[in-house]
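Visitor: Sharing a structure with you now.
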Amino acid sequence: MIKHSEWKETKFTLHLLSQILGKIKLKTAPQQPQWGHVTLPVTAEGFSTGLLSYNDRFFQIDLSISQATIIINVDGSLHTIRMTDQKSIREYYEEIFSVLHKNQISLTINTTPQEMPYTTKFDEDNIPREFNQEKALRGLKLFQFAYHQELTFISPYRCRKLMPALFWGTFDISTLILHGKMEPFSENKVIEKAAFDEHFIEFGFWLGDDNTDDPSFFILPYPFQFHPLEHEDDIEPETAYYNADASEFFLHLKEENDMNPTDIQAFFRSSYHILIRELEWQGCSYYEIPLDMPPQP
């Protein structure tokens, strides 16, 4: 496990790089509800745009922490960009777009980071950025662990869902259960209007920040519930809790022993059952009918 303070600068570098990849996907992937089309798949080596298309070109961009490279694949032709310590975001940005433009992928993106307080444009960010591969690999292990826990929980549910992936705006791994009940967002904000327009429960994992050093699993309902919940004491395990001011359940990973799959699955299940009662969702028993498949070894 690794805490925010142990890899803050390297994490920030990866967050900004994920934003570049995410914005490329934003411009090319067919649109889905809740911005599902812009999420980045977690891979064995880092994260990826997945397969994208532009005119008659098919391409994919993979960020490999284990190889310290960004790999751009355009119709089977590979182009590699090295990730090195003290390289600026502007250098990464220019190298990525140079490869794309040379391969007739004439994309442009909004170069301002989104959903984070840092707003220096990618093409103007000349600050040398830390990339510590050992720390980055430890952070990747956390993302992979969280991805697997979320996937294990949500896969059997017979409902509409957004499968686990990296949301690059907030740099967290999340999955959603959606109930098919519209609830438009009250403010005219571009991101929020599309993200919050129907009932859902988000099951997520976040790496922490300057205020919260511990990586954490969280559960967020929409519509938000900024009040004590009737059954919030049913949450499991004992270390989990509900924060009414944030409208979220939290399970912090303070030490290695907290990465207990049994506790994490209990956290997901118990919060789900508390929230479907709070949101007054009907017909949810159907979602949990067991799959008629032979068990896996």
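Visitor: Go through region 108-204 and name the trypsin sites (Lys or Arg not before Pro) that are in a DSSP coil and have 16 or fewer other Cβ atoms within 10 Å of their Cβ. List each step's numbers first, then the result.
Guide: Values: sites: Lys121, Arg129, Lys135, Arg138, Lys141, Arg158, Arg160, Lys161, Lys181, Lys189, Lys193; in loops: Lys121, Arg158, Lys189.
Answer by residue number: Lys121, Arg158, Lys189.
Visitor: List, in the order given, every pair from Lys25/Lys193; Lys23/Lys189; Lys11/Lys161; Lys23/Lys181; Lys11/Lys189; Lys23/Lys193 whose Cα-Cα distance in the structure shown is over 21 Å.
Guide: Working: Lys25/Lys193 19 Å; Lys23/Lys189 18 Å; Lys11/Lys161 28 Å; Lys23/Lys181 29 Å; Lys11/Lys189 27 Å; Lys23/Lys193 18 Å.
The pairs that break the limit, which is 21 Å between Cα atoms, are Lys11/Lys161; Lys23/Lys181; Lys11/Lys189.
Visitor: What whole number of Å gives the distance from the Cα centroid of region 72-120 to the Cα centroid of region 1-53?
Guide: Region 1-53 and region 72-120 have Cα centres separated by 13 Å.
Visitor: If you keep only loop residues by DSSP, which GluC sites (Glu not before Pro) in region 229-297 have at most 15 other Cβ atoms within 10 Å of their Cβ?
Guide: For GluC sites (Glu not before Pro) across region 229-297 that sit outside H, G, I, E and B with at most 15 neighbouring Cβ atoms in 10 Å, the list reads Glu230, Glu238, Glu255, Glu280.
Visitor: Quick one: putting +1 on the C-beta of Lys and Arg, -1 on the C-beta of Asp and Glu, what dipole do you get for region 146-238 around its Cα centre, in Debye to the nearest 20? Don't skip to the end; give the middle numbers.
Guide: Working: 6 positive and 18 negative charges, 157 e Å.
It comes to approximately 760 debye.
Visitor: Angle, helix 261-278 long axis vs. longest principal axis of the chain, Cα atoms, 0 to 90°, nearest 10?
Guide: Computed tilt is about 70 degrees.
Visitor: How high is the relative contact order of the chain, in percent, with contacts defined as C-alpha pairs under 8 Å that are six or more residues apart? Don't jump to the answer; show the numbers that get you there.
Guide: Details: 521 pairs, mean separation 48.3, N = 297.
It rounds to 16 percent for the chain.
Visitor: Give the angle, between 0 and 90 degrees and rounded to the nearest 10, that separates the Cα long axis of helix 8-28 from the longest principal axis of the Cα atoms of the chain.
Guide: 90
Visitor: For the chain, what does the helix formula give at 222 nm: sum of -39500 (n - 2.57) over DSSP H segments with n ≥ 4, over the residue count, nearest 500 deg cm²/dmol? Mind dumping the intermediate values first?
Guide: Details: 5 runs with 81 residues, N = 297.
Counting only the DSSP helices, I get -9000 deg cm²/dmol.
Visitor: Among rounded, prolate and oblate, which fits region 43-102 when a ≥ b ≥ c are the square roots of the eigenvalues of its C-alpha gyration tensor, a/c under 1.5 means rounded, and a/b larger than b/c means prolate?
Guide: Details: a/c = 2.31, a/b = 1.33, b/c = 1.73.
Here region 43-102 falls in the oblate category.
Visitor: If one takes the longest principal axis of the Cα atoms in the chain, at what angle in degrees, from 0 to 90 and to the nearest 10, does the Cα axis of helix 89-102 lie?
Guide: 70
Visitor: Let's test the formula: R0 of 45 Å, r as the Cβ-Cβ distance of Arg82 and Thr119. What FRET efficiency results, to the nearest 0.05? Please report the intermediate quantities before stating the final value.
Guide: Values: r = 27 Å, r/R0 = 0.60.
It comes to 0.95.
Visitor: Something else about it: How much length is gained on full extension from Ser66 to Thr262, taking 0.36 nm per residue of separation minus their Cα-Cα distance?
Guide: Details: separation 196, 0.36 × 196 = 70.56 nm, distance 2.88 nm.
Once the chain is fully extended between Ser66 and Thr262, it gains 67.7 nm.
Visitor: Right, something else. For region 117-232, what number results from the quotient of the Cα radius of gyration and 2.2 N^0.38 Å?
Guide: Computed over Cα atoms of region 117-232, the ratio equals 1.26.
Visitor: Chymotrypsin sites (Phe, Trp or Tyr not before Pro) within region 198-271: which are DSSP loop residues with at most 15 other Cβ atoms inside 10 Å?
Guide: Values: sites: Phe200, Phe203, Phe205, Trp206, Phe217, Phe218, Phe224, Phe226, Tyr241, Tyr242, Phe249, Phe250, Phe267, Phe268; in loops: Phe224, Phe226.
Filter output for region 198-271: Phe224, Phe226.
Visitor: Would you list, by chain and number, the aspartates and glutamates whose Cα falls below 17 Å from the Cα of Lys3, excluding same-chain residues fewer than 8 positions away?
Guide: Glu130, Glu134, Asp172, Asp209, Asp210, Asp213, Asp214, Glu255, Glu256, Asp258
Visitor: On to the next question. Using the charge dipole of the chain (Lys, Arg: +1 at Cβ; Asp, Glu: -1 at Cβ; taken about the Cα centre), state which of Gln149, Gln265, Ser66 has its Cα farthest towards the positive end.
Guide: Of the options given, the answer is Ser66.
Throughout, read-outs are computed from the coordinates displayed, never taken from laboratory work. All values derive from a computational prediction rather than experimental measurement. Neighbour counts are summed over all protein chains in view; Cβ atoms, including those assigned to glycine, are modelled from backbone coordinates with ideal geometry.
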